[in-house]
Amino acid sequence: MVQQCLAIPFPRNLICEVLGRDVALEELPPDIEESVQYVLEQSMSERDAFILILRYMRNMSLREIAAYYGLSYGRIRQIIKKSQRKLRHPRYRKYLQDGCAKVEQGASALPGKTAPYCAAC
């Protein structure tokens, strides 16, 4: 599944991996890139978000990312799995499925977060 998802362009590949199924381009909301950036910023550390970006946007291998950070291959794999688990949380998953504009209609921001990142929110 991972190799199939990595063959799809960003952000569809990340969403495919998180949702566990392929997502057609027509299914994605127009503000999906902003939604992905917003969720990455709100749900995890800067390092963990950047590791996901290196993996899914730049299609770097786990070994390349490990060399970049000076960490082991196994540790990078753990960070990616933990980050994917965070993105599967219902609070963030809805942003990846529906986009910021649809989710935030009538709501302010995520609980505990003050300034939303994406302009649509």
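Observations on the structure shown:
- Any hit, segment 71-83, residues being on the phi > 0 side of the Ramachandran plot and surrounded by fewer than 12 Cβ atoms within 10 Å (Cβ to Cβ): no
- Scanning segment 51-60 for residues being touching a Phe, Trp or Tyr at 6+ places or on another chain (Cβ under 9 Å) and either at pLDDT below 90 or not β-branched (Val, Ile, Thr) (or both) gives a total of 6.
- Residue, surrounded by the fewest Cβ atoms within 10 Å (Cβ to Cβ), within segment 1-50, restricted to residues that are among the polar types (S, T, N, Q) and modelled with pLDDT of 75 or more: Ser45
- Counting only residues that are closer than 16 Å to Leu19 by Cα and among the hydroxyl-bearing types (Ser, Thr, Tyr), segment 44-96 holds 4 of them.
- Among the residues of segment 5-25, those identified as in a loop (DSSP other than H, G, I, E, B) and either acidic (Asp, Glu) or over 10 Å from the mean Cα position of the chain (by Cα) (or both) are Ala7, Ile8, Pro9, Gly20, Arg21, Asp22, Val23, Ala24.
The values are calculated or read from the model by the stated rules, or taken from the named source; none is laboratory data. The shown structure was predicted, so the numbers you read here are calculated from the model rather than taken from an experiment. Cβ: placed from backbone, ideal geometry, glycine included. Neighbour counts: every protein chain shown.
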